[in-house]
Amino acid sequence: MTAPSNSPDLDQLPADQARQPAQPWFWLLWAGFTLYAFLLAPPDRPDTLDLIIRLSTGQVSGENPLIVALFNLMGIWPLVYCCLLFADGRGQPVRAWPFAIGSMALGAFALLPYLALRRSNPQFTGERSGLIRVWDSRWLALGLAVGAIGLLGWGLSQGNWSDFGQQWQTSRFIHVMSLDFLMLSLLFPALVGDDLARRGWHQQTIWQWLTFLPLVGPLAYLCLRPPIQVTNE
């Protein structure tokens, strides 16, 4: 699979975009989240690796549906971000795809550095590559929405909340994964404003607020947004 051509050369950026500073508060958030995860979160449990293997291979018999659903939703979140990142990365001073791939294993820990380094990018120049067309597809967005809604409904209705609360307090894996889900929910609107502009959709405020709704808001946005408007230079 060929990665999109996202030039890291600042000389190729529009002058006003090249002058814009990076976003240092994302670095502070990344540092704080990382320090919390390793120093302040509950300790690892002896069975953490075994739990991750079971969840990854679908051996979930007897597991709390809340934890199973959360683990699988953390696999959907990076795909949701990819639907914005690959187009956003066109013309950025850094390439987006390494951070997108990293987010599939590290979640917000991989995405926060990209958000810190990127510049405002409200235009899409050049032709859409096949990969960007895939991530821009409404059918993909609908598929992600169906999967996420199914997992949310199953986890919320069948899950054991008292068991989840206990594990949240005693397991670093469950604790940090839960906070990572919330962090991904809070960060998504940071990319929406430019994505709206690239599509000529000017009713930005309502959508930026809607995308704060954890996962459901971003999925609704992906399902309803119009196609990218290409600007030829």
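The values are calculated or read from the model by the stated rules, or taken from the named source; none is laboratory data. Worth saying up front: this structure is predicted, and the values here are computed from it rather than measured. Cβ sites come from the backbone with ideal geometry, for glycine too, and all protein chains shown count toward neighbours. Heavy atoms of the whole protein, side chains included, go into the accessibility calculation; ligands, DNA and RNA do not. Shrake-Rupley method; radii C 1.70, N 1.55, O 1.52, S 1.80 Å.
Can you figure out the FRET efficiency of D163 with W139, using R₀ = 30 Å and their beta-carbon distance, to the nearest 0.05? Don't jump to the answer; show the numbers that get you there.
Numbers: r = 37 Å, r/R0 = 1.22.
Approximately 0.25, to the nearest 0.05.
Residue-wise, which Karplus ³J(HN,Hα) couplings in Hz belong to the range 79-85, taking 6.51 cos²θ - 1.76 cosθ + 1.60, θ = phi - 60°, and x for glycine or proline?
Residue by residue, the range 79-85 yields 5, 4, 5, 4, 5, 10, 5 Hz.
Once you list every other residue whose beta carbon is under 12 Å from the beta carbon of I174, what net charge do they have if Lys and Arg are +1 and Asp and Glu are -1?
On the way: positive: R45, R172; negative: D44, D47, E63, D163, D180.
That works out to -3.
Just the accessible area per residue of the range 30-151, please: how many Å² with a 1.4 Å probe?
Values: 5470 Å² over 122 residues.
Heavy-atom accessible area per residue stands at 45 Å².
What relative contact order, as a whole-number percentage, does the range 74-153 give when Cα pairs under 8 Å and 6 or more residues apart are counted?
Values: 59 pairs, mean separation 26.7, N = 80.
Rounded, it is 33 percent for the range 74-153.
State, as an integer percentage, the relative contact order of the range 159-233 based on alpha-carbon contacts under 8 Å between residues 6 or more apart.
Details: 46 pairs, mean separation 19.7, N = 75.
Across the range 159-233, relative contact order equals 26 percent.
Output wanted: per-residue J couplings in Hz (rounded whole) for the range 46-56, from phi through Karplus 6.51 cos²θ - 1.76 cosθ + 1.60, θ = phi - 60°, x for Gly and Pro.
For the range 46-56, the Karplus-derived couplings read x, 9, 4, 4, 5, 5, 4, 5, 5, 5, 6 Hz, x marking Gly and Pro.
Taking H placed 1.01 Å from N in the peptide plane, check which residues at least 5 places from Q92 or on another chain put their amide H under 5 Å from its amide H.
Result for Q92 returns S7.
Find out how many positive minus negative residues lie around T34, taking Lys and Arg as positive, Asp and Glu as negative, among other residues whose Cβ is under 15 Å from that of T34.
0
Report the local net charge at A145: Lys and Arg +1, Asp and Glu -1, summed over other residues whose C-beta lies under 14 Å from its C-beta. Mind dumping the intermediate values first?
On the way: positive: R138, R225; negative: none.
Net of charged neighbours comes to +2.
Short version: ³J(HN,Hα) in whole Hz for each residue of the range 30-40, in order, from phi by Karplus 6.51 cos²θ - 1.76 cosθ + 1.60 (θ = phi - 60°), x for Gly and Pro, what are they?
4, 5, x, 5, 5, 4, 4, 4, 9, 10, 10
Quick one: with all protein chains in place, what share of the accessible area of the chain is carbon or sulfur, to the nearest percent (1.4 Å probe)?
Within the chain, the accessible surface is 65 percent carbon and sulfur.
Given a 1.4 angstrom probe, what's the average accessible area per residue across the range 161-212, in square angstrom?
47 Å²
Choose one of A96, F71, A37: the residue whose Cα lies farthest towards the positive end of the charge dipole of the range 26-114 (beta-carbon charges +1 Lys, Arg; -1 Asp, Glu; about the Cα centre).
A96
Only Cα pairs under 8 Å and at least 6 apart count here; give the relative contact order of the chain as a rounded whole percent.
29 percent
Rounded to the nearest 20 debye, what is the charge dipole size of the chain about its Cα centre when +1 sits on each Lys and Arg Cβ and -1 on each Asp and Glu Cβ?
Numbers: 14 positive and 15 negative charges, 67 e Å.
That gives a dipole near 320 debye.
Taking amide H positions as placed in the peptide plane 1.01 Å from N, state which residues far from F124 in sequence (5 or more) or on other chains have amide H under 5 Å from it.
Here T231 satisfy the definition.
Can you give me the pair-distance distribution of the chain, C-alpha pairs, 5 Å bins, whole percents?
1, 6, 13, 17, 19, 16, 12, 8, 5, 3, 1, 0
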